[in-house]
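Below: the structure, in structure tokens.
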Amino acid sequence: MTGDSTVSRDSRNRNKLTRGPVRFIQAPLWYGSERPGAELGPEAIVTEISEGLRWDERVDVRDRIQPNLVLTVPPVPNARGLRHRRDLTFLDPIASLSRDIADAVESSIRADELPVTIGGDHAVAIGSIQGAARACERLGVLWIDTHPDVNTPSTSFSGHIHGMPMAVATGLAAAELPDISNLAGRVPAVRPEDVCYLGIRDIDMAERRVLRDHRIWTRTMEEWSDDGIAGGLGLALDHLAAQGVDAVHVSFDLDVLDPTVFPACGTTYPGGLTMREASQVVRLLGAWDGPIRSLDWVEFYPNMDDTTGNSLKIAGHLLLTALGERMRIP
Ligand SMILES: [Mn+2]
């Protein structure tokens with residue numbers, strides 16, 4: 001990449017991942033997956049980060065972290081008894097939380113911070129993406145996940161809302177979910193051509209049709225593996241840059257890691273990233289000169305961790321790595 005130093009310095013400063021204030025937005029939601037446990041994720045990750053290993057005491061990533069914002073999910077009486085009914089039982093509390101997340105993400109970006117929405121299940125991205133969309137002209141989304149989460153209520157087998165955030169973001173669910181599809185004040189909040197998927201390896205038939213018909217940029221896990229971790233990620237970032245987006249939201253679902261590495265997910269599928277590969281991904285994101293302005297960190301189920309707590313260590317350490325922590329002897 002060439003250009004005068006002023007331009008490259010300005011463009012580097014657009015990427016907020018590894019510099020500037022960070023705001024953790026704790027979103028303890030499990031209603032989107034209808035699987036209890038994800039609500040324990042945000043507190044566990046935040047604690048792990050505050051108490052975890054410090055590599056370089058001179059430059060502590062934690063110094064950039066602002067006081068956490070802890071959001072409340074409206075409680076549903078007898079929620080566990082209402083699971084898997086395929087009737088959008090949990091839509092109202094999710095819509096309420098989504099409005100709060102969108103407001104928090106928007107104001108954090110406008111305050112020049114990096115908002116990190118910590119789930120919770122992936123339905124938290126309904127609010128975070130649309131909050132990010134409010135704070136820019138044209139939002140790109142990099143969705144790193146085993147699943148494309150682009151179902152609508154009518155195409156979803158499970159009816160679980162955490163499989164729908166990208167259909168909401170791209171306006172494909174606007175007819176069935178009008179209120180939460182318009183949190184950004186424009187539909188779609190994100191154009192399908194401004195989305196990149198990386199790591200997809202578990203997909204529904206209807207979702208395959210959506211990705212094909214809308215020509216959405218996708219590298220399945222096999223294709224990403226063949227491109228190389230850095231190569232495939234570079235292609236995605238090049239695509240977003242070529243689209244002319246002025247902000248990029250990164251949504252990182254921890255189930256993209258391999259279940260032998262990271263068992264504490266509700267929707268595991270074999271063939272995922274190792275911790276070393278995932279670490280490379282987030283470090284390359286931090287080195288990109290494009291406008292990353294917001295991040296999701298989702299789908300950690302502490303109740304499904306192994307006895308040594310490896311998933312917790314990974315969820316905490318990878319997030320610190322994304323924010324600039326490096327294993328390096330100072
Ligand atoms: Mn997923």
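Where a number appears in this text, it was derived from the coordinates with a stated rule and is not lab data. Quantities reported herein were computed from a predicted structural model and do not represent experimental measurements. All Cβ positions, even for glycine, are placed from backbone atoms using ideal geometry, and neighbour counts span all protein chains on display.
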Averaged across orientations, what area in nm² does the convex hull of the alpha carbons in the chain project? 16.1 nm²
Label zone at ASN68, where the point sits 7 Å out along the Cα-to-Cβ direction: region 300-330 residues whose backbone N lies under 13 Å: 316
222 nm [θ] for the chain, helices only, -39500 (n - 2.57) per DSSP H run of 4+, per residue, to 500? -10500 deg cm²/dmol
Can you tell me which of 182-194, 202-214 comes out highest on packing, and rank the rest after it, using the mean Cβ neighbours within 10 Å? 182-194, 202-214
Along the charge dipole of region 5-322, pointing to its positive end and built from +1/-1 on Cβ of Lys, Arg, Asp and Glu, which listed residue (LEU318, PRO188, SER156) has its Cα farthest out? PRO188
For peptides 90-97, 68-75, sequence by mean Cβ density within 10 Å, most packed first: 90-97, 68-75
Each residue of region 63-75 in turn: what ³J(HN,Hα) in whole Hz from Karplus with 6.51, -1.76, 1.60 and θ = phi - 60°, glycine and Pro shown as x? 5, 8, 7, 7, x, 5, 9, 9, 8, 10, 8, x, x
Amide H partners (placed H, <5 Å) of VAL22, local residues excluded: ILE65, GLN66, LEU114
Dividing the convex hull volume of the Cα atoms of region 207-319 by its residue count, what figure in Å³ per residue is obtained? 111 Å³
Within the set of other residues whose C-beta is less than 14 Å from the C-beta of GLY244, count the net charge using Lys and Arg as +1 and Asp and Glu as -1. -2
Quote the charge dipole size of the chain about the Cα centre in Debye, to the nearest 20; the model charges only the Cβ of Lys and Arg (+1) and of Asp and Glu (-1). 420 debye
Evaluated at q = 0.08, 0.11, 0.21 Å⁻¹: base-10 log I(q)/I(0), Debye formula over Cα of region 30-189: -0.25, -0.46, -1.42
Given the options HIS239, GLY266, LEU295, identify the residue whose Cα lies farthest towards the positive end of the charge dipole of region 222-307 (+1 on Cβ of Lys, Arg; -1 on Cβ of Asp, Glu). LEU295
